[in-house]
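Okay, so here's the structure we're looking at.
Values in this text are rule-based calculations from the coordinates and carry no lab data. These numbers were taken from a predicted model, which means no experiment stands behind them. Here the Cβ positions follow ideal geometry from the backbone for every residue, glycine too, while neighbour counts run over all protein chains shown.
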Amino acid sequence: MARLGVNIDHVATVRQARGVSYPDPVEAAVLVELAGAHGIVTHLREDRRHIQDRDLYILRKVVKSQLNMEMAATDEMIKIAIDTRPEIATIVPEKREELTTEGGLNVISQEKKIGNAIEILKKNGIHVSLFVDPDPETIKMSAKLNADSIEIHTGHYCEAKSEAEKDKELNLIKEAVAIGKDLGLRIAAGHGLNYFNVAPVAVIKDIEEFNIGHSIIARAIFVGLERAVKDMLALIQ
Ligand code: PXP
């Protein structure tokens, strides 16, 4: 049965909009775990637009399930990951001007930088995942660089405008899962998934984990976090 990691950055986004101390992503993490989620996902961005260092350090102490730190492969973030020891570090591309992570990592053009980050993080006992597009060559390079997992970027599938485009993107995801699995990688998926588009991806057998943020926190505004998490768990399982 697939696991659900819930990204709680969006709670911090609301807090930062006011520059006050609430709502607190740490409190959200507790409720998300109580609702049955299998992990907490959080992205400490270079520009600290939502999650702050304080959040990550307290989350590390509070999270009892699994903490997945999304991070750029920079010296600063590698140092913080080694200091906080999340169970998983997911390396993501980061651009200052983007609204959210816009695509997968270019593992091929950044082979050396990403390879070094993987090596250092793994040496420190951290499971390393790479956020990648469903592209065969990128997945092969991820395995070559000794990543433990890949998280397949589902954003293009989620944004597809027609059924034909959606089918095409879904097939790319299925092929990517098969290639990753063959290479011994563990497979997660995420980005843009919501209550209406998750089912066709959730039935892909070898995806072990879904990392979902925006749709769950958005629904929680209306129905509360517990119900929002449970509704998503029911869909992915
Ligand atoms: N996985 C990764 C690597 C991400 O960067 C994000 C967005 O922070 C997510 C999953 C969650 O995406 P969404 O908020 O669209 O569910």
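Below, the figures for the structure above:
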read-out: 3J(HN,Hα) from dihedral phi, segment 208-225, Karplus parametrisation 6.51/-1.76/1.60, rounded to Hz, x for glycine, proline; value: 8, 8, 10, 10, 9, x, 3, 5, 6, 5, 5, 5, 4, 4, 9, 10, x, 5
read-out: Integer Hz, Karplus 6.51/-1.76/1.60 couplings in order for segment 21-37, x for Gly and Pro; value: 9, 9, x, 9, x, 5, 5, 4, 4, 4, 5, 4, 5, 4, 7, x, 5
read-out: Qualifying trypsin sites (Lys or Arg not before Pro) in segment 81-151, DSSP loop, other Cβ atoms within 10 Å at most 12; value: K95, R96
read-out: The chain, helix-only ellipticity at 222 nm - DSSP H runs n ≥ 4, -39,500 (n - 2.57), divided by all residues, nearest 500; value: -14000 deg cm²/dmol
read-out: DSSP-assigned coil residues among trypsin sites (Lys or Arg not before Pro) in segment 1-80, each with at most 16 further Cβ atoms within 10 Å; value: R48, R49, K64
read-out: For segment 29-145, the spread of Cα positions along each principal axis, largest first, Å; value: 39, 32, 27
read-out: Cα pair distances of segment 90-218 binned at 10 Å [whole percent]; value: 13, 45, 34, 9, 0
read-out: Under Karplus coefficients 6.51, -1.76 and 1.60, residue-wise ³J(HN,Hα) of segment 117-123 in Hz, glycine/proline x; value: 4, 4, 4, 5, 5, 5, 4
read-out: Proportion of all alpha-carbon pairs of segment 152-220 beyond 20 Å (%); value: 26 percent
read-out: Percent of Cα-Cα distances greater than 34 Å, calculated over the chain; value: 9 percent
read-out: Net lengthening on full extension, A218/K140 (0.36 nm per residue, minus Cα-Cα); value: 24.6 nm
read-out: Dipole of segment 1-131 [Lys/Arg +1, Asp/Glu -1 at C-beta], most positive-end residue of A12, L121, G103; value: L121
